[in-house]
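J.: Structure in structure tokens, see below.
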Amino acid sequence: MPKTKRVNHHRLNEKETKRGGMEKNKKQFVTFEILEEKYGLPMCQIKEIIRPKRITHVPNTDEYVLGVINLRGQIVPVINLKSRLNLKEGRQTDRGEARIIIAEINDVLTGINVEEVKEVVWLDENTIDPPPKVAGGVKQEYLTGVAQNEDELLVMVDLKALLFGEQNTGDTPEKLEE
């Protein structure tokens, strides 16, 4: 059975400091890599991260749908995020670090195939800028913003728009938690 990484969902609205106080406006994001670019998803949408497992192809689905997996008795569709974002094939980073991020949006579990999960970071919501018209070739409607994390930019993905075609309404990460 593949090893899974459970996500701790203690309330993600605030970050504890070493002094025991709370810093407001901090949110947790899972960061991952596709074609050597960094992306982020709000931790509140993530259920778990698993190693890739056997994916069963389903005929007559969109080309970005890889198929379905059996996750402890539950059938979960898996999408190829690179294909869904219409990213051109580039230098593949096949270091054996591919993962499937299991996300829950609108009470629906979906697996998101990514090349590598990097880390979980805390970001101040004030440092997340609105999405540019195009970020790394990704359409604006699939983004919630772009954030500076240390010396790199993180493209924040809007899973609702990607999965259900719901337009980005300027939802900030805190609205996505609702």
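Taken together, the values in this text are just the output of simple stated rules run on the coordinates, not laboratory data. Note that the structure is predicted; figures quoted are calculated from it, not measured. So basically every Cβ, Gly included, is an ideal-geometry build from the backbone, and we count neighbours across all protein chains shown.
J.: For Ile112, which sequence-distant residues (separation of 5 or more, or a different chain) have an amide H within less than 5 Å of its own amide H, given hydrogens modelled in the peptide plane?
T.: Residues meeting the amide H criterion: Ile79, Ile101, Ile102, Ala103.
J.: Follow-up question, since we're still on this one. Quick one: which residues, 5+ away or cross-chain, put their amide H under 5 Å from the amide H of Asp158? H built at 1.01 Å from N.
T.: The list, which skips near neighbours in sequence, is Leu143, Thr144.
J.: What ³J(HN,Hα) values, in whole Hz, does the Karplus curve 6.51 cos²θ - 1.76 cosθ + 1.60 give for segment 125-131 when θ = phi - 60°, with x put for Gly and Pro?
T.: 4, 6, 8, 9, 8, x, x
J.: Can you work out ³J(HN,Hα) from phi for every residue in segment 42-59, in order, using Karplus 6.51 cos²θ - 1.76 cosθ + 1.60 and θ = phi - 60°, giving whole Hz and x for Gly and Pro?
T.: Once rounded to whole Hz, the list reads x, 4, 5, 8, 9, 8, 6, 10, 10, 6, x, 10, 4, 9, 8, 5, 10, x.
J.: Another question, if that's okay. Local charge sum around Asn149 (other residues, Cβ-Cβ under 11 Å, Lys/Arg +1, Asp/Glu -1)?
T.: -3
J.: Given the pairs Lys27/Lys88; Lys24/Lys118; Lys27/Lys47; Lys47/Lys88; Lys26/Lys82, which are separated by over 22 angstrom at their Cα positions?
T.: Lys27/Lys88; Lys24/Lys118; Lys47/Lys88; Lys26/Lys82
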